[in-house]
1. Using helices alone, I'd like the mean residue ellipticity at 222 nm for the chain: each DSSP H run of four-plus residues gives -39500 (n - 2.57), total over residue count, nearest 500.
2. With Cα extents along the principal axes in Å in mind, check (1) 44, 24, 15; (2) 35, 29, 16; (3) 67, 34, 20 and report the label derived from this structure.
3. Using the Cα centre as the reference, give the magnitude of the dipole from point charges on the C-beta atoms of segment 5-49 (Lys, Arg: +1; Asp, Glu: -1; all else neutral), rounded to the nearest 20 debye.
4. So what is the relative contact order of the chain, in percent, for Cα pairs below 8 Å that sit 6 or more residues apart?
5. Please identify the DSSP H helices in the chain that span no less than 18 Å along the helix axis (Cα) and have a mean Kyte-Doolittle hydropathy of -1.0 or more.
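Each reported figure results from applying straightforward, stated rules to the coordinates on display, with no laboratory input. Everything numeric here is computed off the predicted structure, so don't read it as measured data. Here the Cβ positions follow ideal geometry from the backbone for every residue, glycine too, while neighbour counts run over all protein chains shown.
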Amino acid sequence: MGVIRTEHVEELLRSADAGAVLVVRSGAAEVVPSARLGEPGYRGALQVVSRGELEEQAAGRDPAELARGLDAALSALGG
C-alpha cells in the first residue's frame, strides 16, 4: 500500500479550508489546514498538493486514480 491513499485525496477535496494541503512527513501522508503549515511540527514536511491544485486535476477523475498518480510522483522523488 502506498503512502498517499484514496482517503487522503477524498479528505483534501472535502476540506472546508480552501488552502488545505496534502503533506508527507515522517513517511506518512496527512491533510493539513493552511493555518497549521507554519507550525514547528510541519517544518520539513513535503507539500504534495493543495486543495486548489487537486480540484483542477480532479475534474471527472476517480479519487483512487488521483491517489495512485500522486503516490507514483512521490515514489519517483524517493518518498
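1. Details: 3 runs with 32 residues, N = 79.
Calculated at 222 nm, the ellipticity per residue is -12000 deg cm²/dmol.
2. Calculated Cα extents along the principal axes in Å: the matching label is (2).
3. On the way: 5 positive and 6 negative charges, 32 e Å.
For this selection, approximately 160 debye.
4. Values: 99 pairs, mean separation 29.7, N = 79.
Reported as a whole number, the value is 38 percent.
5. Details: long enough: 63-77 (21 Å, 0.66).
Once both thresholds are applied, what remains is 63-77.
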